[in-house]
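The values are calculated or read from the model by the stated rules, or taken from the named source; none is laboratory data. Note that this is a predicted model, so its numbers are computed, not measured. A quick note on method: Cβ atoms are made from the backbone with ideal geometry, for glycine too, and the neighbour counts reach across all protein chains shown.
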Amino acid sequence: MAASKSHPLVSLTLLLTILASLGLAAKPSSGCGSAPKLITSASTQTPLTLTIDNQKREFFVKLPDNYNNTHPHRLVLTLHALGGQASQVIAGTGGYLPYYGLAALATSTNATLATNTRTIFVAPNGLSNGWGNTNGADVKFIAQVLAAVEADACVDQSLRFSTGFSFGSAMSYILACSIGGGIDGLRAVAALSGNPQISGTCPGNTTSADNTVAYYGQHGTSDTVLPIAGGRSMRDRFLQLNGCDTDQKEAADPATGSGTHVKTVYHGCKPDKPVVWVTFDGPHTPTPKDKDQNDTWVPAETWAFFSQFT
């Protein structure tokens, strides 16, 4: 008797049935169940392109080594800073860690850092090495990037994330509060030393439930490029949107010269919309380190925030 052979779509259906029975139903994209045609192993080095409003736009995609087209994967956008490029985010040059240090944690065998973490990383290029988002052009671009990736690869559309530093932080913030305008479902963002105005302004009613995502923000207390007041303003918007206790005082900033960081986890937020705020004794940098430490703490904090969502 010939051995039976399972079909990818049958496997996907079985997986989703199991997830649903556990209360963990994924939202699979249309790319699930088929081998990618657009995205290849070369897509981490050779950009994929879209034409948006007569402008050629570029983005790179990294599928995990254990990619399975019947498994809905989480997706993380990694946005570069002003003057940077996606290729630097990928390679870990120009002051960046590769994919902000998250790709290494997504494949880590350390159970405290990686659980059910098959992740697709997407690194887009901004116009003129930035994210000015003139007339909403960059929001439109990212929306079409998500659509292209999700049509070709198997993505859990309930587990989309964005992070970035400086201008990339500002753009992640704008994506978070533009959710009702075409992005349709970022789960959380991690905004590293950003500003609420340089990528445009958030549309819509500041109390709209449609504009809520989980929010992680961090900022250096001695940042002279984008002062910390801007980061606090970004945080405050999501404290309000997410129903957090706005009377709760943030932890005191670390003392100047201490070389430390301080984290505030806000109370009263909607259960699935936490807000976390970290200040560190340092300047405008994506990779602050505590005193006498060799490694930055940022990837672990960011990944812990993202990976809590399953």
Contacts under 8 angstrom Cβ, first residue in the stretch 30-41 being within 9 Å of CYS154 (Cβ to Cβ), partner loosely packed, with under 14 Cβ neighbours inside 10 Å and of a type in the set (A, V, I, L, M, F, W, C), 6 or more apart: GLY33/LEU9
In the stretch 104-126, which residues are at pLDDT 95 or above, touching a strand residue (DSSP E or B) at 6+ places or on another chain (Cβ under 7 Å) and not β-branched (Val, Ile, Thr)? PHE121, ALA123, PRO124, ASN125
If you go through ASP272, ASP292, the only one that is assigned to a loop (DSSP other than H, G, I, E, B), of a type in the set (D, E, K, R) and at pLDDT below 95 is ASP272
Output the number of residues of the stretch 220-269 satisfying the condition of being touching a helix residue (DSSP H, G or I) at 6+ places or on another chain (Cβ under 6 Å) and part of a strand (DSSP E or B). 0
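To keep it simple, each residue is scored yes or no on (1) within 25 Å of CYS32 (Cβ to Cβ); (2) crowded, with 24+ Cβ neighbours inside 10 Å.
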{"residue": "VAL145", "(1), (2)": "yes, no"}
{"residue": "GLU150", "(1), (2)": "yes, no"}
{"residue": "ALA153", "(1), (2)": "yes, yes"}
{"residue": "ASP156", "(1), (2)": "yes, yes"}
{"residue": "SER162", "(1), (2)": "yes, yes"}
{"residue": "PHE167", "(1), (2)": "no, yes"}
{"residue": "ALA170", "(1), (2)": "no, yes"}
{"residue": "TYR173", "(1), (2)": "no, yes"}
For the stretch 228-279 the number of residues that are basic (Lys, Arg), under 23 Å from MET171 (Cβ atoms) and surrounded by fewer than 21 Cβ atoms within 10 Å (Cβ to Cβ) is 3
Filter the stretch 163-209 for residues that are in contact with a Pro (Cβ under 9 Å, 6 or more places away or on another chain) and farther than 22 Å from LEU127 by Cβ; the one that is modelled with the lowest pLDDT is GLY180
Could we say that THR51 is closer than 30 Å to THR287 by Cβ, polar (S, T, N, Q) and part of a strand (DSSP E or B) here? no
Is there any pair with a first residue in the stretch 242-253 that is among the small types (Gly, Ala, Ser) and a second that is part of a loop (DSSP other than H, G, I, E, B) and crowded, with 17+ Cβ neighbours inside 10 Å whose Cβ atoms are under 9 Å apart and which are 6 or more apart or on different chains, and what are they? GLY243/THR212; GLY243/CYS269; GLY243/LYS273
